[in-house]
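> Let me begin by handing over the structure; questions about it come next.
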Amino acid sequence: MNLLSAKEVISIFRKSIDDYHLQDHVNAAFANPFDQNSFEGLLYIKNWIDTVQWHLEDIIRRDDISSEEFVLTKRKIDASNQNRTDKVEEIDELLYNEFLGVEVKKGAKLNSETPGWLLDRISILQLKIYHFMEQAEREDADVEHRQKAAGKLKVLLEQEKDLSIAFNELMLDLSRGDKYMKMYKQMKMYNDPSLNPELYKN
């Protein structure tokens, strides 16, 4: 498996976002340019899910959608949240198996956040960067709006640097045995008809 730097990960996330916006629709046709079972392919799918959900979250906040469309969109968001979690766990499982043979050093520490969930934060951050950049360059918005968006964009780009360092350091620590991973499933209940009382009672 080819371990990627944060810079390489971000380039995959950005490609996914750019590819989505070529169609710019929540039902956009999906075509993974990478092997979907590879690390790169999982990252691309992960961000595509995040990108579609980002726009579903925009739609559900409109005042002019019907009750039927609201319920349908909310259920799409719920399904997307489950898919998002599943992909994070697939990424973590891939990395867990990759580092399984690394000798863990005495005194090695467990990171509070798995690599997959750190990548989730970076994926969402790329969406924020894309859309705040869009707002900062809006020709139909006033100067104050663009300036506020640009100020927030600056903070997001700083966060991108910090999360990139955190990811690169975590990969290095795991590869050296200075840190180790554990696999914890999210165990979501609301989508499971055997666990959600509102579903199994009916």
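> Run the dipole for the range 29-135 about the Cα centre, Lys and Arg Cβ at +1, Asp and Glu Cβ at -1, nothing else charged, and hand back the magnitude in debye, nearest 20.
360
> Here is a follow-up. I'd like to know which of Pro115, Ser66, Gln126 lies farthest towards the positive end of the charge dipole of the range 6-186, counting +1 on Cβ of Lys and Arg and -1 on Cβ of Asp and Glu.
Pro115
> May I ask which residue of Ile77, Phe167, His21 lies farthest towards the positive end of the charge dipole of the chain, with charges of +1 (Lys, Arg) and -1 (Asp, Glu) on Cβ and the Cα centre as origin?
Looking along the dipole axis, the top candidate is Phe167.
> Okay, moving on. The range 116-202: D in µm²/s via Stokes-Einstein (Kirkwood Rh, Cα pairs, 4 °C, 1.567 mPa s)?
79
> Let's see if you can work this out: charge +1 on each Lys and Arg Cβ, -1 on each Asp and Glu Cβ, no other charges. What is the dipole magnitude of the chain about its Cα centre, in debye to the nearest 20?
720
> If the chain between Glu93 and Glu68 were fully stretched, how many nm would it gain, using 0.36 nm times the residue separation less the Cα-Cα distance?
Going from the current span to full extension adds 5.2 nm.
> What is the fewest-to-most order of Thr114, Thr51 by other Cβ atoms lying within 10 Å of their Cβ?
The fewest-first ordering by Cβ neighbours comes to Thr114, Thr51.
> In what order do Lys76, Lys46 fall by count of nearby beta-carbon atoms within 10 Å, going from fewest to most?
Least to most surrounded, the residues fall as Lys76, Lys46.
> A further question on this structure: Mind checking which helices in the chain clear 20 Å along their axis (Cα) and have mean Kyte-Doolittle hydropathy of -0.5 or more, DSSP H runs only?
Result, helices passing both filters: 6-23, 39-59, 115-136, 143-176.
> By how many nm would the segment from Glu137 to Leu172 grow when fully extended, if each residue of separation counts as 0.36 nm and the alpha-carbon distance is taken off?
Contour length minus Cα-Cα distance gives 8.9 nm.
> Right, here's the next one. Could you line up Val52, Val155, Val26 from fewest to most neighbouring Cβ atoms inside 10 Å?
With the fewest neighbours first, Val52, Val155, Val26 line up as Val155, Val26, Val52.
> Among the listed pairs Lys105/Lys154; Lys7/Lys185; Lys46/Lys182; Lys148/Lys182; Lys105/Lys152, give every one whose C-alpha distance is greater than 32 Å.
Lys105/Lys154; Lys148/Lys182; Lys105/Lys152
> For the chain, how big is Rg over Rh, using alpha carbon atoms and the Kirkwood form of Rh?
That ratio equals 1.01.
> Treat each spin label as a single point 7 Å out from the Cα along the C-beta direction, and report the Leu157 to Leu3 distance in nm.
3.0
Every number here is computed from the coordinates shown, using simple stated rules; none is lab data. These figures come from a predicted structure and were not determined experimentally. Cβ: placed from backbone, ideal geometry, glycine included. Neighbour counts: every protein chain shown.
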